[in-house]
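J.: Below are the structure tokens for one structure; questions will follow.
The values are calculated or read from the model by the stated rules, or taken from the named source; none is laboratory data. Please read these numbers as outputs of a predicted model, since none were measured by experiment. Neighbour counts run over all protein chains shown; Cβ positions are idealised from the backbone, glycine included. All accessible areas refer to the heavy atoms of the entire protein, side chains included, with ligands and DNA or RNA removed. Shrake-Rupley method; radii C 1.70, N 1.55, O 1.52, S 1.80 Å.
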Amino acid sequence: MKLAIVVGHNSEKQGAVRPDTGESEFVWNSGLAKMIEQQARDYPGFEVKIFYRQPGLGYRGEIRRVYEETDRWGANATVELHFNASSNPNASGTETLTSGTAASMALALAVNQEMVAVLGLKDRGVKTRSARDRGGASLMSGRAPAILIEPFFGTSKRGQCATNSLSKKEALAEAIVRGVAASMNAMPRTEAQMADSRTLRHTKGQRQKILGAAASVAATVGLSGDATALDAIGLADQIGAALPYLKWIVPIVLLGLLFALRMDTQAIEEARWDDHENGLR
Ligand SMILES: [Zn+2]
């Protein structure tokens, strides 16, 4: 079992800062990552490697690169480390983000449960994120099942209190390893299993369908443009009969596109729901 730990943010843009110790997400989680590596030594067959995001590549480039590295290493699962922040000092609790695939969901549920048990903070639950959402790219970029953890709010007194000593931090590291170990049976071991993610496959299919629909809208707009151009060079008469219909084509195609998008969103939700069910079995 190869577990890749990805430290959130980077050395230049370090993420949120917890006011009690002045530590950024990057600094605090670099320490947590080492503790996870240490704790995993007690688990036979467990291999942990820490990965850092490289600054200066732009957000997408940064995420793509680090998850390419975890792929190259052959990770069976990836966990990206963060902590939460809010302008509301009362916002508190533990949450874990999942891509919604069966394996990512199993991993998220197990790790979240262990973190809640050890921190004693409110269980904000496991949240499914799509590629467009905040943190979503981290869940979709690598081949291995991925989660992103937000164990506490650095801006909350409760969150600070639950994580402000070495022993509490070590307990959190151990809880994360325990959660990963508990979901190990749900983790894919082979390339074929890794690629067998319904939600991801469907998302890719949907993207192609949207592109296809957008292309047909563009073609239609182009067609009406052509009609104007033809008009200018005196050929309008030849297609004159078609012009009254052309102005209707664009709104009709747009309506069709909207409908297709809606259907696909529903299909994605259903595919996710199936994956949830599989993950829970
Ligand atoms: Zn963060």
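J.: Is one or more of the residues making up region 56-63 within 14 Å of the ligand (Cβ to nearest atom), farther than 22 Å from residue 155 by Cα and either at pLDDT below 95 or of a type in the set (Val, Ile, Thr) (or both)? Let's see the steps before the verdict.
T.: Step one: list which residues in region 56-63 are within 14 Å of the ligand (Cβ to nearest atom), which gives 59, 62-63.
Within this subset, residues satisfying the condition of being farther than 22 Å from residue 155 by Cα are 59, 62-63.
Now restrict to residues that are either at pLDDT below 95 or of a type in the set (Val, Ile, Thr) (or both): 59, 63.
Yes, some residue in region 56-63 is within 14 Å of the ligand (Cβ to nearest atom), farther than 22 Å from residue 155 by Cα and either at pLDDT below 95 or of a type in the set (Val, Ile, Thr) (or both).
J.: Another question, then. Taking residue 15 as the residue in question, decide whether it is surrounded by 18 or more Cβ atoms within 10 Å (Cβ to Cβ) and in a loop (DSSP other than H, G, I, E, B). Reasoning before the result, please.
T.: Values: surrounded by 18 or more Cβ atoms within 10 Å (Cβ to Cβ): yes; in a loop (DSSP other than H, G, I, E, B): yes.
For residue 15, the condition - surrounded by 18 or more Cβ atoms within 10 Å (Cβ to Cβ) and in a loop (DSSP other than H, G, I, E, B) - is met.
J.: Could I ask something else about it? Just wondering, is there one or more residues in region 175-191 that are at pLDDT 95 or above, in contact with a Pro (Cβ under 9 Å, 6 or more places away or on another chain) and surrounded by fewer than 17 Cβ atoms within 10 Å (Cβ to Cβ)?
T.: Checking region 175-191: not a single residue is at pLDDT 95 or above, in contact with a Pro (Cβ under 9 Å, 6 or more places away or on another chain) and surrounded by fewer than 17 Cβ atoms within 10 Å (Cβ to Cβ).
J.: If you check 66, 27, 6, which single one turns out to be among the aliphatic types (A, V, I, L, M), out of contact with any strand residue (DSSP E or B) (no Cβ under 7 Å at 6 or more places or on another chain) and within 16 Å of the ligand (Cβ to nearest atom)?
T.: Details: 66 fails: out of contact with any strand residue (DSSP E or B) (no Cβ under 7 Å at 6 or more places or on another chain); 6 fails: out of contact with any strand residue (DSSP E or B) (no Cβ under 7 Å at 6 or more places or on another chain).
Checking each option against the conditions leaves just 27.
J.: Filter region 109-124 down to the residues that are open to solvent by less than 10 Å² (accessible area, probe 1.4 Å) and either touching a Lys or Arg at 6+ places or on another chain (Cβ under 9 Å) or within 11 Å of residue 183 (Cα to Cα) (or both) and list them by number. So that I can check it myself, show each step before the final result.
T.: The first filter runs over region 109-124 and keeps only residues open to solvent by less than 10 Å² (accessible area, probe 1.4 Å), leaving 111-112, 115.
Listed by number, the residues that qualify are 111, 112.
Conditions tested, residue by residue: (1) over 13 Å from residue 176 (Cβ atoms); (2) buried (at least 22 other Cβ atoms within 10 Å of the Cβ).
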| position | (1), (2) |
| --- | --- |
| 6 | no, yes |
| 19 | yes, no |
| 23 | yes, no |
| 28 | yes, yes |
| 85 | yes, no |
| 104 | yes, yes |
| 107 | no, yes |
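J.: Give me the residue from region 30-51 that is within 16 Å of the ligand (Cβ to nearest atom) and buried (at least 18 other Cβ atoms within 10 Å of the Cβ) and, out of that set, nearest to the chain's Cα centre (by Cα).
T.: Only one residue fits best here, namely 51.
J.: Scan (1) within 16 Å of the ligand (Cβ to nearest atom); (2) assigned to a loop (DSSP other than H, G, I, E, B); (3) closer than 17 Å to residue 33 by Cα for the single condition residue 147 breaks and write down its number.
T.: Only one criterion is unmet by residue 147, namely (2).
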